[in-house]
Amino acid sequence: MKLEGKAVLVTGASRGLGESLMETFARKGARVVGISRNASEVEAVASRLRAQGYEAHALAADVGDKEAIHPLVGAAAALVGPIDVLVHNASTLGPTPLPLLLDTACEDLGRVLEVNLVGPFRLTKVIAGSMVLRGEGVVVHITSDAAVSAYPRWGSYSVSKVALEHLGRIWAAELEGTGVRFLNVDPGEMDTVMHRDAIPEADPSTLARPRDVAARLVALVEAAHAYPSGTRVEAAHVEVGRPEAA
């Protein structure tokens, strides 16, 4: 996929990987819309990119809020047209310090699932139909190694990511042959606020930089046709320009 002129929607775009994805897509010539619950932060990102001559927009919305989805997609389409690339990056850990499952409130588990799983389902449901009609589109689920390993205290987040990955595989199976492709991408451990909230004792020097990971993820989107739809990809195993399925 050539990204120049393409409409890209990135959730969780106010900082960390989402911010870096906005910048990397914009530098490729895409027309980018960033979504975040934090209006001022995501607008600051978009403003900085516009000042550099790129097309970038910001919308404040909570992807875990059912009532926000249709207005959000309508506003994004009004800004950049039908969405060509949808990146489900918004995510929540739930309460921190991370609790054991026995200490996890049902309401907290429900909130994590609403943001990390149900929100992406709703967004894809609204956007993918237009992709099918146009015969092209890429949907990226940002997942985690917590989807494949059982880490104590990561229960709510892990369950949400396991389900998110399988959701991507089911979408891929159901939309096979339409030109719409799905990727489950594990970005690896990054130096982000979320990682510091989860593991405050971690050494930042051992963690990947969001900008470097974003470059790999954008390269994967450009080469999405080279992957079976629904594939799980580990960003750490990808060189820009030389993607390899994990």
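The table that follows gives values for the structure above.
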| quantity | calculated |
| --- | --- |
| Efficiency of FRET from Cβ geometry, residue 101 and residue 173, R₀ 41 Å, rounded to 0.05 | 0.85 |
| Within a Gaussian network of the chain (alpha carbon springs, distance under 10 Å), most fluctuating of 177, 29, 188 | 177 |
| Relative contact order (%) - the chain, alpha-carbon pairs under 8 angstrom, separation at least six | 19 |
| P(r) tail fraction, segment 1-57 - alpha-carbon pairs more than 14 Å apart, % | 42 |
| Lysines whose Cα lies under 27 Å from that of residue 6, excluding same-chain neighbours fewer than 8 positions away | 28, 66, 125 |
| FRET E, pair residue 130, residue 2, Förster distance 25 Å, beta-carbon r, rounded to 0.05 | 0.85 |
| Principal axis dimensions, largest first and in whole angstrom, of the chain by Cα | 47, 40, 39 |
| Of all accessible heavy-atom area on segment 176-239, the percent that carbon and sulfur account for (1.4 Å) | 48 |
| For residue 47, net neighbour charge (Lys/Arg +1, Asp/Glu -1) across residues whose Cβ lies under 15 Å away | -2 |
| Solvent-accessible heavy-atom area per residue, rounded to whole Å², over the chain at 1.4 Å | 46 |
| Distance from segment 177-237 to segment 1-60 (C-alpha centre basis), Å | 17 |
| Base-10 log of normalised Debye intensity for segment 87-228 (one unit scatterer per alpha-carbon) at q = 0.16 Å⁻¹ | -0.89 |
| Most mobile listed residue (181, 50, 37) in the chain, GNM with C-alpha springs under 10 Å | 50 |
| Gyration tensor over alpha-carbon atoms, segment 1-127, equivalent ellipsoid semi-axes in Å | 28, 16, 12 |
| Choice from 180, 63, 132 with maximal GNM fluctuation in the chain (Cα, 10 Å cutoff) | 132 |
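The values are calculated or read from the model by the stated rules, or taken from the named source; none is laboratory data. Predicted, not measured: the structure shown is a model, and the values here were computed from it. Cβ coordinates were reconstructed from backbone atoms using ideal geometry, including for glycine residues, and neighbour counts include every protein chain displayed. Keep in mind that these areas ignore ligands, DNA and RNA; they rest on the heavy atoms of the full protein, side chains included. Shrake-Rupley method; radii C 1.70, N 1.55, O 1.52, S 1.80 Å.
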